[in-house]
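Any read-out appearing in this document is the output of simple, stated calculations on the displayed coordinates, not a laboratory observation. This structure is a prediction, so every number in the text was calculated from the model and none was measured. FYI the Cβ positions are ideal-geometry reconstructions off the backbone, even for glycines, and counts take in every protein chain you see.
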Amino acid sequence: MKLDIIQKLKEHDLKVTPQRLTILDTLNRYGHASIDEIYKEVKKVHLSISLATVYKNITSLLQVKLIKELALNEAKSKYEIIKEPHSHLICKKCGSIEDINLSEQIEQNASKLASAKEFAAEETELNIYGLCKNCKQNN
Ligand SMILES: [Zn+2]
Ligand SMILES: [Zn+2]
């Protein structure tokens, strides 16, 4: 994975800095992480890094589309490394996020509905909000 990340940074003309590697490594481990979570992890390795620097790095990673932002209802945005298109199960109680793959059928239906409105769809993203297995049991 490390190699892959270095390769990706180079492909996107971004300098390979230790800070960027740690940010991407954190996102890789967490799957989805908020800026606070990223900052906490990066600070363990780069003791003197500021939140502003983390923000700046996140912004450049967003600009080259190496990562994307998940805008969440009622919670701070989370970030994830861009991979194949997928949807999310988002727990409203504990904030956990799980990736799920939409069937091709659903995707095709969605783009049909979009083109019926003469809308040129580029991507379909579906977030499903509710309670995760753990939270449902303890409810
Ligand atoms: Zn939960
Ligand atoms: Zn995801």
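Brief remarks follow.
- Scalar couplings 3J(HN,Hα) for region 68-75, obtained by applying the Karplus form with A = 6.51, B = -1.76, C = 1.60 to θ = phi - 60°, are 9, 9, 9, 7, 10, 5, 6, 8 Hz; x denotes Gly and Pro.
- Taking the fewest neighbouring Cβ atoms within 10 Å as the starting point, the ordered list for 53, 59 is 59, 53.
- In plain terms, if you count all Cα to Cα distances in region 1-134 and split them into 10 Å steps from zero, the share in each step is 11, 36, 32, 17, 3, 0 percent.
- For region 9-81, a/c is not less than 1.5, where a ≥ b ≥ c are the root eigenvalues of the C-alpha gyration tensor, and a/b does not top b/c. That puts it in the oblate class.
- Trypsin sites (Lys or Arg not before Pro) within region 28-123, DSSP loop, no more than 16 other Cβ atoms inside 10 Å: 65, 76, 83, 92, 93, 117
- Overall dimensions of region 87-137 by Cα: Rg and Dmax, Å: 14.0, 44
- Beta bridges by DSSP in the chain, antiparallel share as percent, to the nearest 5: 70 percent
- Full-stretch length increase - residue 119, residue 106 - with 0.36 nm per residue and alpha-carbon distance subtracted: 3.0 nm
- Charge tally for residue 131 (other residues, Cβ to Cβ under 10 Å; Lys, Arg +1; Asp, Glu -1): +4.
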